[in-house]
Every structure is written in structure tokens, then in C-alpha cells.
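The structure under discussion appears below in the form of C-alpha cells.
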Amino acid sequence: MRLAEALAERGIASVRYDKRGVARSLAAAPREEDLSVGVYVDDVVAWSERLARDPRFSRLILVGHSEGALIASLAAPRTPAEELIAIAGSGQPIDRVLREQLRGRLPPAQLRQADSVLASLKAGETRGDIPPALANLLRPSVQPYLISLFREDPARAFGRLRIPTLIVQGRNDIQVGVADAEALQRAKPDSQLVLIDGMNHILRIAPSTGLQQLSAYNDPNLPLARQLVEAVSRFILRGAEAEKGR
């Protein structure tokens, strides 16, 4: 919401929505088992088509954060989007990201169990033998979604785009790293890449490690990274000016 408010101050309108199964869109996905990447992509396409018909808006730009960067990349070719902005988006398959995140956070025995389950999901197979310690992440009801997610290659999807793109990545992000942003740029070399010192995964300025980094996730008073707003608004407004000059 804060990014939307900051963009509005610069004359840039936006539409945000809760994805299916979350917050106000909870009723749109009564069964978690029915969720998939394809469902989320279809939702982006539907919203894009609706907004493209709305005379209040002159241009359509997709902005995706984290997993949303992948969803936006997959949806963009099916929409009238003129530009795409990927914020803290992974540049590698998500099963690899999860393995990296779990490494060092789980004791060896649980890590082996997690690796085994992730390997099964990568192969398209569900698992029922989920240890209690891993139930929140790998519960049976979310496995169909994870299977669909693990099939996708974020860098490949990003590289297929034929519209101007901006990649924004925080240097203090403990979930997605600078290497991911660089992988996206390698996949689409004409992309603009902006690295923001001190920005974490939730787009706030926070220490790179320690309890302060973790506490930042639960502190609503932390301001949005100023450079993020500047980079996103500059990219959008330059695109608008370029279109006027055609």
C-alpha cells in the first residue's frame, strides 16, 4: 500500500489486489488444494484486460514483488502491458530458493526430510509424510501449488518478455539476493537494474543480518525505501514521456 500511495503522489495510479486465498480474496479460493500458478496468472490477465478497457488509465504496467515478479512475467505476454517491473524477484527456480532458505535454519535431520519432500514435489509427486516442524511450509494442501510453482523458471520467463523491464533489488534482502537480480538481467540484457543499499525483502531499510533484520518484518512504522519509489516512478514516467514523443 505504501508504494501505491507514494506513486499516487507522483501522479501514477495503481490497482492492487489480494491474491486468491489471502486476506480479502480468501473466499475466491475456498480450497487451498485448487490453487496453482496458472490460476494466479489468469487473475493478472483478467485484471489487465479490465484495466485496459478503463478510460481513466492510459497505460498498463505490471509490477510484481517476490513471487509476484514471476507471476507478472508469465502473465505479461497475454496482456496489453507496455512495461514490467520486477521487485525482489527470484532469478532461479523456487525449489532452489527454498532449499537455500532452509539450509542453516534447520537441523540436519529436518533438512534431509525437507530435501526429500522438495525433490518429490519437483518431480510432480505429492507427499503425505510431512513432519510437524515442516507442516507450515510443506503441508499437503499447499503441495499442488508448490508443484506448479516448481515447474517454472523465473529467469526463462523473464527472458521471454518483449517489453521494457526494470529490475529492483535490495542489497539487504535475506530471501532473494543480488545474484537473482543479476540472473534476471542476464536473461534479458536490455533490462534496467537498480540495486538499493540497505533495502530488505519487504522494501524497508534494515540491517543485513541479526534480530533487527527479522524484526523489520513486523514493524509497520518503518518507512519504504526512498530509492525504490524514485526508481519505479522514474521508469514509469520516462516510459510515458517516450510514448508522448512517438
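What follows draws every value from the coordinates through simple rules; no lab data is involved. None of these values were measured; they are calculated from a predicted model. As a convention, Cβ positions derive from the backbone with ideal geometry for all residues, glycine included, and neighbour counts pool all protein chains shown.
Points worth noting:
- Taking the chain as a Gaussian network of alpha-carbon nodes connected by springs under 10 Å, the highest mean-square fluctuation of the residues R186, R56, R204 belongs to R56.
- Taking E32, E9, E67 and counting other C-beta atoms within 10 Å, the order from fewest to most: E9, E32, E67
- Taking the chain and dividing mean pair separation by its residue count, relative contact order in percent (alpha carbons under 8 Å, at least six apart): 18
- Of all DSSP-defined beta bridges confined to the chain, some 10% are antiparallel rather than parallel.
- Kyte-Doolittle at least 0.5, axis length at least 18 Å by Cα - qualifying DSSP helices, the chain: 37-52
- Residue of A155, A28, A72 that the Gaussian network model of the chain assigns the largest fluctuation, springs spanning Cα pairs under 10 Å: A28
- Ordering L149, L102, G124 by the projection of their Cα atoms onto the charge dipole of the stretch 94-151, which places +1 on the Cβ of Lys and Arg and -1 on the Cβ of Asp and Glu, puts L102 at the extreme positive end.
- For the chain, the mean residue ellipticity at 222 nm estimated from helices alone is -13000 deg cm²/dmol, where every DSSP H run of n ≥ 4 contributes -39500 (n - 2.57) and the total is divided by all residues, rounded to the nearest 500.
- For the stretch 169-211 versus the stretch 70-107, the gap between their alpha-carbon centres in whole angstrom: 12
- Considering only I94, I12, I196, the mean-square fluctuation computed in a Gaussian network model of the chain, springs between alpha carbons under 10 angstrom, is largest for I12.
- Each Lys or Arg adds one and each Asp or Glu takes one away; over the other residues whose Cβ falls under 12 Å from the Cβ of I147, this sums to -1.
- With a Förster radius of 45 Å applied to the beta-carbon distance between R112 and R56, the computed FRET efficiency rounds to 0.25.
- In plain terms, the chain from R78 to A13 could stretch by 21.2 nm, reckoned as 0.36 nm per residue minus the Cα-Cα distance.
- Between R24 and Q175, the modelled label-to-label distance comes to 2.1 nm, taking each label 7 Å out from Cα in the direction of the beta carbon.
- Relative to the compact-globule estimate of 2.2 N^0.38 Å, the Cα radius of gyration of the chain comes out at 1.04.
- Label zone of Q212 (point 7 Å out along Cα→Cβ, amide N under 16 Å): in the stretch 132-174 this covers 171-174.
- Once C-alpha pairs closer than 8 Å and six or more residues apart are averaged by separation and normalised to the residue number of the stretch 94-151, the relative contact order reads 36 percent.
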